[in-house]
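All of the numbers you see were taken from the coordinates with simple rules; none came from a lab. Fair warning: this is a prediction, and the values are worked out from it, not measured in the lab. When we count neighbours, we look across all protein chains shown, and the Cβ atoms used for this are built from the backbone with ideal geometry, even at glycine.
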Amino acid sequence: MKVLVINCGSSSLKYQLIDSDTEEALATGLCERIGIDGRLVYQPAGAEKEKTDLAMPTHNEAIQFVLDALTNDKNGVIKSLDEVGAIGHRIVHGGEKFTKSVVITDDVIKAIEECNDLAPLHNPANLIGVRTCQKLMPGKPNVAVFDTAFHQTMPAKAYMYGLPYEYYEKYAVRRYGFHGTSHDFVSHVAAEMAGVDYKNSKIIVAHLGNGASISAVKNGECQDTSMGLTPLEGLVMGTRSGDIDPSIMEFIAGKEGLDIAGVMNVLNKKSGVQGLSQLSSDFRDLEEGANAGNEKAALAMDVFAYRVAKYIGSYVAALNGVDVIAFTAGIGENAPAIREKVLSYLGYLGITLNADENNRRGEDRLISTTDSKVKVFVISTNEELAICRQTVALV
Ligand code: AMP
């Protein structure tokens, strides 16, 4: 079956058409600047990437352009939309309502809308993608795959904040976690590569991208994860602060004359390694800067790696041990210096790094030595493929 995977944001939309039999992406791309002007990027497998400026006042035009590109005579990858068997949608927040992926019905849309409060920027945009696909491809099944669902197995002791209980009862304030599709996918691959039974294993996944989170997975179920009610909690990220003393908010608001929205903007968009380094949120720039003697860039990388190591340490405690650690996403897959820094704190676990494997680029691989007590892997995440698989499983 051919599955169209859609990840719809407020002004952008990423897509992949995947053949579920071969698990190959037939075409990938994105629409940018929806509602501003509009650009379609379209990359058929094995062919040139095409960028076209096209007016996209709404997501309707954007998705129509994607469908036209996929079916056009020149470099389309399917003859007609009849070949699309289903559409899989990434939905950011499923609250406590969704513990797994579901086929989208009117009731499901209503339930997702009830979670909009928890992800006001993402969920409404995700639903625009759903409604547009329903309109442009009537009759095709649409499936919702939630970023939060994998973490719904967390026990209350991990998801409750030390706040008045009524905030949980009245407003569903609790920890949810994100990147669940990636943590799910990567923890499965990690178990397989390590040769351990997923249902009888202790795995820590470090999803280190521009947004970054860690999860602790025991016997195939998430026990804890570093993001919370929103993706702001946890690790120091590209531009997000991660954990801070909440009193800093009032302190900075007073000093800088900011309101709550202003402080939140700083914590989400101007903090993290970007804020610390005052150089960049991108680890390629930070490494280059640090190598050229930029002390703030070096400090930002140290702070990032130290926080990752502390979380891994705390999750070893939560799991009462660990069999496998997996690094994934942009930084986890591509920054050997960061992996080395993180692992340098974890020698007490009996982890020894295989420097050659760590420094090599390429496919999923073991980067610990064969006698290391804990196996450490680099595993490329593939959220689109995970969404495709879950979509096929449901339709
Ligand atoms: P993601 O959010 O998973 O797409 O990750 C994006 C981030 O990965 C970028 O902002 C960079 O910080 C990081 N990254 C990507 N490629 C490299 C690389 N070759 N070396 C170091 N960091 C990288």
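Assorted remarks:
- In this structure, the amide hydrogen of Val102, modeled 1.01 Å from its nitrogen in the peptide plane, lies closer than 5 angstrom to those of Ala144, counting only residues at least 5 positions away or on a different chain.
- By the Cα gyration tensor, region 14-137 has an equivalent ellipsoid whose semi-axes, rounded to whole angstrom, run 27, 18, 12 from largest to smallest.
- Shape class of the chain from the alpha-carbon gyration tensor: rounded, with the ratio a/c of largest to smallest axis under 1.5.
- Computed extension length for Asp37-Lys79: 12.3 nm, one decimal, from 0.36 nm per residue of separation with the Cα-Cα distance subtracted.
- Computed over the chain, relative contact order equals 14 percent, with contacts defined as Cα pairs under 8 Å that lie 6+ residues apart.
- Considering only Ser280, Ala309, Ala290, and ranking their Cα positions along the charge dipole of region 276-316 that arises from unit charges at the beta-carbon of Lys, Arg, Asp and Glu, the one farthest toward the positive end is Ala309.
- Gyration tensor (alpha-carbon) shape descriptor, region 186-297, a/c threshold 1.5: oblate
- Other-chain or far-sequence residues with amide H under 5 Å of Ser368's (modelled H): Asn354, Val376
- Under 5 Å, built H, 5+ apart or other chain: amide partners of Gly88: Leu4, Val5, Ile6, Val143
- Size check on region 113-251: the Cα extents along the three principal axes, sorted descending, read 49, 47, 31 Å.
- Relative contact order (%) - region 192-287, alpha-carbon pairs under 8 angstrom, separation at least six: 19
- Placing unit charges on each Cβ (+1 for Lys and Arg, -1 for Asp and Glu) gives region 304-395 a dipole about its Cα centre, and among Tyr348, Ile338, Asn359 the Cα reaching farthest toward its positive end belongs to Tyr348.
- Hydrodynamic estimate: the Kirkwood radius of region 286-395 over Cα pairs, inserted into Stokes-Einstein at 4 °C and 1.567 mPa s, corresponds to D of 84 µm²/s.
- Applying a DSSP loop filter and a limit of 14 other Cβ atoms within 10 Å to the GluC sites (Glu not before Pro) in region 98-177 leaves Glu114.
- What the phi angles of region 382-395 give under the Karplus curve with 6.51, -1.76 and 1.60, with θ = phi - 60°, is a coupling list of 8, 5, 5, 5, 4, 5, 4, 4, 5, 5, 4, 4, 8, 9 Hz, glycine and proline written as x.
- Taking His151, His89 and counting other C-beta atoms within 10 Å, the order from fewest to most: His89, His151
- Between the alpha-carbon centres of region 304-340 and region 150-187 there is a gap of 20 Å.
- Residue among Ala253, Ala326, Ala156 with the largest mean-square fluctuation in a Gaussian network model of the chain, springs linking Cα atoms under 10 Å: Ala253
- Local net charge near Lys100, Cβ-Cβ under 15 Å (Lys/Arg +1, Asp/Glu -1): -1
- Among Lys170, Lys14, Lys157, the largest mean-square fluctuation in a Gaussian network model of the chain (Cα springs under 10 Å) belongs to Lys170.
- The string of couplings for region 326-331 from the Karplus curve (6.51, -1.76, 1.60, θ = phi - 60°) is 10, 9, 8, 6, x, 7 Hz, one whole number per residue in order, with x for Gly and Pro.
- Pairs with C-alpha atoms separated by more than 27 Å, drawn from the list Lys2/Lys135; Lys110/Lys170; Lys14/Lys170; Lys74/Lys140, are Lys14/Lys170.
- Residue exposure sequence - Met154, Met56, Met160 - by fewest surrounding Cβ within 10 Å: Met160, Met154, Met56
- For region 190-201, Karplus couplings with θ = phi - 60° (6.51, -1.76, 1.60), whole Hz, Gly/Pro x: 4, 4, 5, 5, 7, x, 10, 6, 3, 7, 9, 8
- Three-way shape call for region 224-285 based on the alpha-carbon gyration tensor, with the a/c threshold at 1.5: oblate
- The residues neighbouring Arg284, those whose beta-carbon lies less than 14 Å from its own, together hold a net charge of -4 under the Lys/Arg +1, Asp/Glu -1 convention.
- Antiparallel content of DSSP bridges confined to region 1-155, in %, to 5: 70
- Residue order, fewest to most beta carbons within 10 Å, for Ile338, Ile252: Ile252, Ile338
- C-alpha center-to-center spacing [region 254-282, region 346-395] in angstrom: 32
- Of the residues Glu357, Glu288, Glu256, the one that moves most in a GNM of the chain with alpha-carbon contacts below 10 Å is Glu256.
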